[in-house]
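The values are calculated or read from the model by the stated rules, or taken from the named source; none is laboratory data. Because the structure is a prediction, the values reported are computed rather than measured. Here the Cβ positions follow ideal geometry from the backbone for every residue, glycine too, while neighbour counts run over all protein chains shown. SASA here: full protein model, heavy atoms, side chains in, ligands and nucleic acids out. Shrake-Rupley method; radii C 1.70, N 1.55, O 1.52, S 1.80 Å.
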Amino acid sequence: ILLLGATLARAADPKPSTPLSAQLERIFAKKSFEAKKFGPSSWMDGGRAYTTVEPSAADPEAKEIVRYDTASGARRVLVPASALVPAPGQKPLAIDDYAWSKDGKRLLLFTNTKKVWRRNTRGDYWVLELATGRLHKLGAGGPESSLMFAKFSPDGGRAAYVRGNDLWVEDIASEK
């Protein structure tokens, strides 16, 4: 009983009390040894450029979408983290994946993902209008992380997604 009480007391203590506890905290809580990841990424302009998600220079906690020219390696920020803030005072969206409309004027962002079976296929989808900076959530009336498999229509004017085992189509401009 004394051993169990000491173990519970250590578990309730927020500071690691042993080298093993400190190492476990570095591995699992702080993710100190997590490998740096590339992407998600997407080809553009017939392979002349690609985009990828990188940490923001202004806010290391936030991400932005950056374009690289494949021939020269020239780097340009296409979507700064500040454009990914849903409402004033909120943090920028954490991007799990994204897709460009065929004309490159809109960006479909996959965020707040949840695992379904083995993969993160359920989440929230947002559309960013690059020209105006307008950011709006698809299926805004539904529960959090309830959309799956969203795609732009060929003309980029609509988006289709699955919610509650039903197929929905939403007009981007009117949000209906």
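Here are some notes:
- Search result, residues across the range 33-70 that are open to solvent by less than 80 Å² (accessible area, probe 1.4 Å), more than 16 Å from residue 96 (Cα to Cα) and among the small types (Gly, Ala, Ser): 35, 47, 49
- Any pair with Cβ under 8 angstrom, 6 or more apart, that starts in the range 96-116 at a residue that is on the phi > 0 side of the Ramachandran plot and ends at one that is open to solvent by less than 20 Å² (accessible area, probe 1.4 Å) and in a strand (DSSP E or B): 112/123; 112/124
- Members of the range 94-121 found to be open to solvent by less than 60 Å² (accessible area, probe 1.4 Å) and of a type outside the set (S, T, N, Q), listed by number: 95, 98, 99, 100, 104, 106, 107, 108, 109, 110, 116
- Any chance residue 91 is open to solvent by 30 Å² or more (accessible area, probe 1.4 Å), out of contact with any Ser or Thr (no Cβ under 6 Å at 6 or more places or on another chain), under 22 Å from residue 161 (Cβ atoms) and not acidic (Asp, Glu): no
- Once the range 1-25 is narrowed to residues that are at pLDDT 85 or above and open to solvent by 100 Å² or more (accessible area, probe 1.4 Å), the residue that is farthest from residue 96 (Cα to Cα) is 19.
For (1) under 25 Å from residue 48 (Cα atoms); (2) among the hydrophobic types (A, V, I, L, M, F, W, C), each residue gets a yes or a no:
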| site | (1), (2) |
| --- | --- |
| 75 | yes, no |
| 79 | yes, yes |
| 84 | no, yes |
| 91 | no, no |
| 94 | no, yes |
| 100 | yes, yes |
| 103 | yes, no |
| 107 | yes, yes |
| 113 | no, no |
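- Scanning the range 143-176 for residues that are outside any loop (DSSP other than H, G, I, E, B) and loosely packed, with under 12 Cβ neighbours inside 10 Å gives 166, 167, 169, 171.
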